[in-house]
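To keep things clear, I will list the structure first and then write my remarks on it.
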Amino acid sequence: MTKEILLKIREPFKIKEVEALYPFSYEESMNSVLLQELARYNKLIEVVKGSLNTLLKTLEGKFVTTAEIEALKASILSNSIPEKW
């Protein structure tokens, strides 16, 4: 399940490219909100990918399991959103 989730996660947004398309200006203040939300979404993508990769390495025996990893695994197995995310 972890590998399937990793395959479905998109790559982070290229904020500089979006900023070029939607530059910040006084008349277009929503562009600032857009860039802020993209930055937050990129951080979420990093957290999700990082925790899933750690879980995979733990399942392969490369890392020692922790309570956080066990909670992540339990959430995924029960089809719920992990608290860390």
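What follows draws every value from the coordinates through simple rules; no lab data is involved. Quantities reported herein were computed from a predicted structural model and do not represent experimental measurements. With ideal geometry, Cβ positions are generated from the backbone for all residues, glycine too; neighbour counts draw on all protein chains shown.
On a straight-distance basis, which lysines could pair with Lys16 in a cross-link, Cα separation under 20 angstrom, same-chain partners fewer than 8 positions away excluded? Partners within reach: Lys43. Counting 0.36 nm for each residue step from Leu77 to Arg10 and taking away their Cα separation leaves a gain of 22.0 nm. Among Glu27, Glu37, Glu11, the ranking by other beta carbons within 10 Å of each residue's beta carbon, starting with the fewest, stands as Glu27, Glu11, Glu37.
Taking the centroid of alpha carbons for each part, segment 64-82 and segment 1-56 are 23 Å apart. Placing +1 on the Cβ of every Lys and Arg and -1 on the Cβ of every Asp and Glu, with nothing else charged, gives the chain a dipole about its Cα centre of roughly 400 debye. Round to the nearest 10 and give me the degree value, 0 to 90, for the angle of helix 30-59's Cα axis relative to the longest principal axis of the chain. The helix 30-59 is inclined about 10 degrees to the chain.
Considering only Phe63, Ser25, Leu7, and ranking their Cα positions along the charge dipole of the chain that arises from unit charges at the beta-carbon of Lys, Arg, Asp and Glu, the one farthest toward the positive end is Phe63.
Determine Rg/Rh for the chain; Rg is computed over alpha-carbon atoms and Rh is the Kirkwood hydrodynamic estimate from the same atoms.
Looking at the chain, the ratio lands at 1.14.
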